Amino acid sequence: MDAIEPTASTASTASTASTASTESTEPTEPLARQRQDYARELRARFEQYKSWAITHWPVREQPLEESAFVAAERELELITGAMLHPGGPSQAIPADGDEPGQFQQVTPAPWP
């Protein structure tokens with residue numbers, strides 16, 4: 001296959017886009033740091049809440065376990081991931097419980 005050489009218009013557009021992206025990321029760095037701090041504190045408070053709930057559970061015959069919080073943890077991942085960082089890929093564990101894999105599932109192309 002032949003390589004496609006960039007034209008003058010695409011090269012200037014690329015350099016303009018890289019300059020614009022550098023300028024636009026500088027003011028958002030404090031915002032990104034603020035969002036990360038918020039997510040970190042929210043997760044820490046949830047862990048404290050979960051520990052308190054398990055420790056103070058009043059029904060001794062049926063103890064509260066970590067597994068009772070799986071759905072809440074999934075929602076917390078949604079809040080601190082996709083909702084807090086719009087436009088990025090979700091890092092939450094899917095509802096079916098499978099961990100996200102290294103590869104994306106795709107349907108193979110048929111043989112010719």
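The values are calculated or read from the model by the stated rules, or taken from the named source; none is laboratory data. If you're wondering where the values come from, they're calculated on a predicted model, not measured in any experiment. Ideal geometry is used to build each Cβ from the backbone, glycine not excepted, and the neighbour counts take in all protein chains shown.
This table checks each residue for (1) without any contact (Cβ under 8 Å) to a residue 24 or more places away in the chain; (2) within 29 Å of L31 (Cα to Cα).
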position: R43; (1), (2): no, yes
position: E47; (1), (2): yes, yes
position: K50; (1), (2): yes, yes
position: I54; (1), (2): yes, no
position: W57; (1), (2): yes, no
position: Q62; (1), (2): yes, no
position: A72; (1), (2): no, yes
position: E77; (1), (2): yes, yes
position: A82; (1), (2): yes, yes
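Name the single residue that is farthest from E41 (Cα to Cα) among those in region 61-95 being at pLDDT 90 or above and part of a loop (DSSP other than H, G, I, E, B).
Selected residue: E61.
In region 46-60, how many are in a helix (DSSP H, G or I) and exposed (fewer than 11 other Cβ atoms within 10 Å of the Cβ)?
Quick first cut of region 46-60, residues in a helix (DSSP H, G or I) only: 46-55.
Then drop every residue that is not exposed (fewer than 11 other Cβ atoms within 10 Å of the Cβ), which leaves 48, 52, 55.
The qualifying residues number 3.
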